[in-house]
1. Name every residue in region 108-146 that is in a loop (DSSP other than H, G, I, E, B), under 16 Å from the mean Cα position of the chain (by Cα) and surrounded by fewer than 10 Cβ atoms within 10 Å (Cβ to Cβ), in order of residue number.
2. Would you pick out the residues in region 90-107 that are surrounded by fewer than 12 Cβ atoms within 10 Å (Cβ to Cβ) and in contact with a helix residue (DSSP H, G or I) (Cβ under 6 Å, 6 or more places away or on another chain)?
3. Which members of region 17-33 meet the condition of being exposed (fewer than 14 other Cβ atoms within 10 Å of the Cβ) and within 26 Å of residue 64 (Cα to Cα)?
4. Could you check residue 87 against (1) assigned by TED's automatic domain parsing to the domain that holds residue 135; (2) assigned to a strand (DSSP E or B) and say which number it fails?
5. Which pairs do you get when a residue that is at positive phi, found in region 32-45, comes within reach of a residue that is loosely packed, with under 15 Cβ neighbours inside 10 Å and in a loop (DSSP other than H, G, I, E, B), reach meaning Cβ atoms under 9 angstrom, with the pair 6+ apart or on two chains?
């Protein structure tokens, strides 16, 4: 049986050559099915997936162990889980579910070691008189409080 550490070491070696790519998820099942999900600072192409696949496959001996390998990109609708994913999406609209039971939707304007900053506009009642005014809002959300964050794709 393949160990996850063996495969992770092969992935790390490949990522040393391609610092623009990074690992999102790795699973090695007991039946030696390897599933790898990658992302990149500039997105992921089919060639990037092939590069990663070769980096793993060419360093494992099929005579020694039989395995299947699937390398994929994280996808546009997948939740963000890595700090680098947040950084590459600055300027885009995110929908964030956060603790305790909060929901935010706004433009991702800043990312740091602790969390993310979202900004959005909303209509609120005027302080005096009838009607509403547009108000700029901002929220700093800590990574530990984020339950799920997804990029909103607008058509």
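The values are calculated or read from the model by the stated rules, or taken from the named source; none is laboratory data. All figures in this text were calculated on a predicted structure; none of them were measured in a lab. All Cβ positions, even for glycine, are placed from backbone atoms using ideal geometry, and neighbour counts span all protein chains on display.
1. 113, the sole residue that qualifies.
2. Correct list: 99 only.
3. Across region 17-33, the qualifying residues are 27, 29, 30, 31, 33.
4. Failed condition: (2).
5. Once the first residue is at positive phi and sits in region 32-45, its partners that are loosely packed, with under 15 Cβ neighbours inside 10 Å and in a loop (DSSP other than H, G, I, E, B) give 32/1; 32/65; 32/66.
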